[in-house]
Every structure is written in C-alpha cells, then in structure tokens.
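A quick write-up on the structure given underneath.
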Amino acid sequence: MTTIAVAVPRKGRPLEAVLERVAAVADIETRADAIASTLRYEKAVTKGDQPADGDVYDRLATYSDTGRYDPEYTLLRDARPESPRRIVFDSLHVDFGAYDLHLVGREEPFRALRKHEFPLGFDSADLVLEEVVGIESEPLSSLGELNDRIDPHDTDVRVVDGLGDTVDHALLSTPDVARDPDREFLSEYEGPLCISPRYERLVRAILGTDAMEGLSFRYPGDREEEAAIASVGLGVYLTVTGSTARDHGLRVGERLFPSETVLLENPEERTDAVSTIAELLVGGVETTA
C-alpha cells in the first residue's frame, strides 16, 4: 500500500472542511465527527467558555488510541492566560484502497509544501494571497485567478481547487457612505477604509492598485471589527450572512473574494499516486501548474 502524506490545518473551520471532503470519498464520517467535536470542546475550554473535564494531559491520554486508523492529537502552546496548552489535531490514517492517505497536522500547511515537505496540503486561500500572490492594477476576484498571480520564483506550490467552505471578504459600509458598496463605488471613493492589519496585502491584491488610489487604511485596534468599520464608514471584513454587520448598522455590499480552504499541490513532488489522490479529493479537477 502506497502512503501519501497530506498536510492539513490543526484546528478550526479549515480542518473540518478537509475532514468533510475526505469523508465524502472514504468511510471516515464517524471519526471525522469525533475529531471535530473533540476540537470544538477543546477550543471552548481554551477560551474559558467550557469547564475542563480533568487535566489537559489526562484528556489527551483519553483521546489517544494506538490503532493505525485512530486519530492522534497533540498539545500546542496557547497565548491566553492560564491556558498554556491546547489540544489540536496531529494525525489520521485513512484507507483509500490501494493508498494509505496520511493526514498530518501542521500549523502552516502551505509553508510546509513550499519547503517540499509534502506533495499535497490544505490551507486557507487567504494565506496564498498574503504570501505569494502578486499585487497588480487589476483586482483579484476568484480562486481561478490565483495560480496566474503566483510568481514561479516565489514558490512551486499551486492551488488545485477550493472546498466550498466559503466565507467572503466583503465591502461593508454605513448608509451615509454607500447604500450598496461595490467595486464601481470603490473606484471613485477617496477616504478611509477599515481593515484588519493582517489582511493588508490581501486587500491590496483583491482591490488592485488602481482602486487603491485615494484610499487610506484604518485598523480596528482593540475594537470589534464591525464596530470599527461602523465608526470609519467603510471597510472590508469576512462575513457569511452579514447579520452581525447589520446589527452594527452596516450595509453588506459586494463580496470581493472567497476566504476558502483550498487543496494545494507542489508539482515538483508529483507522482502518479499523488495525482490520483488529488483527483479523488477534488472530483477530477486537475491542478494548473
């Protein structure tokens, strides 16, 4: 049996999206649900929203098993006071018939692929934009455009396909600034735009340098993002339904770019087995190398 190692996120929505996709093509639904439930509980414990059921090391021992196809967990440091450790996903073997798919938890799967540690991996499309996508005059608005914007001198890694767990980077505004903010409005707008500082390069890429003329970034600081955007009047923020934005009196405008978990491939590590696994995971979609 050929083993194919795939780098995956250690926690959160991206990992759950990966587990759901793998469960759609392999018989791991029960294990996937158990992993997701365990990590949601551990997140609640870390945030102080749920009382801890015993010591963290005792819980880790309870979750652990020695079977080859049982999930494994590990501990990571957490910056929150009195929470020095957080239990996260570490490893899971999945039987794919002729292949043994080995899901390996990594804090930064995309960077692990860049270092040629894995042939395949899952990570947020946001990270690709933040690290290797070129900023050009024209805006970037879809996953299909990502590979064309990656400088081959920066990395060999390419996007294969998204998993559909979409949360959008959307334009939000107060009614006095714009009732229905979109790219056309932004092209004429001059003034402050509130964004999270971690997304500054991403926002520049999805807006394009032409639209950036006349804009000046503002940052939330310690305030909730929607509240900060409401005070500035216009901003870009992640939203699913937009209900929280509307609670702050904001209008949800154009959805600029999907924040989605994507399957990544390093073509330099491609083999027939890797290609077969990639096709199974995305339903036959091939990478644009």
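Summary of values
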| quantity | calculated |
| --- | --- |
| Residue in the range 32-43 that is modelled with pLDDT of 95 or more, out of contact with any Pro (no Cβ under 8 Å at 6 or more places or on another chain) and of a type in the set (Asp, Glu) present | yes |
| First in the range 23-50 and surrounded by fewer than 15 Cβ atoms within 10 Å (Cβ to Cβ), second anywhere and in a helix (DSSP H, G or I), Cβ under 8 Å, 6 or more apart | 29/23; 50/41; 50/44 |
| Residue check, residue 237 closer than 24 Å to residue 200 by Cα and either touching an Asp or Glu at 6+ places or on another chain (Cβ under 8 Å) or among the small types (Gly, Ala, Ser) (or both) | yes |
| Condition broken by residue 52, with the remaining ones in (1) hydrophobic (A, V, I, L, M, F, W, C); (2) over 24 Å from the mean Cα position of the chain (by Cα); (3) assigned to a helix (DSSP H, G or I) satisfied | (3) |
| Filter result (under 17 Å from residue 239 (Cα atoms) and either in contact (Cβ under 8 Å) with a residue 60 or more places away in the chain or surrounded by fewer than 21 Cβ atoms within 10 Å (Cβ to Cβ) (or both)) within the range 184-196 | 196 |
| Qualifying residue in the range 67-78 (condition: under 30 Å from residue 275 (Cβ atoms), part of a helix (DSSP H, G or I) and in contact (Cβ under 8 Å) with a residue 40 or more places away in the chain) | no |
| Single match in 221, 233, 253, 242 (criterion: surrounded by 14 or more Cβ atoms within 10 Å (Cβ to Cβ), out of contact with any Pro (no Cβ under 9 Å at 6 or more places or on another chain) and not assigned by TED's automatic domain parsing to the domain that holds residue 139) | 242 |
| Candidate set: the range 139-168, residues that are among the hydrophobic types (A, V, I, L, M, F, W, C) and outside any strand (DSSP E or B); chosen: the one nearest to residue 282 (Cα to Cα) | 163 |
| Helices (runs of 4 or more DSSP H) wholly inside the range 202-266 containing at least 2 residues that are modelled with pLDDT of 90 or more and not β-branched (Val, Ile, Thr) | 209-212, 225-232 |
| Scan of the range 124-166 for residues that are more than 30 Å from residue 270 (Cα to Cα) and buried (at least 16 other Cβ atoms within 10 Å of the Cβ), ordered by number | 139 |
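The values are calculated or read from the model by the stated rules, or taken from the named source; none is laboratory data. Because the structure is predicted, anything quoted here is derived from the model rather than measured. Note that we place each Cβ from the backbone using ideal geometry, even for glycine, and neighbour counts take in every protein chain shown.
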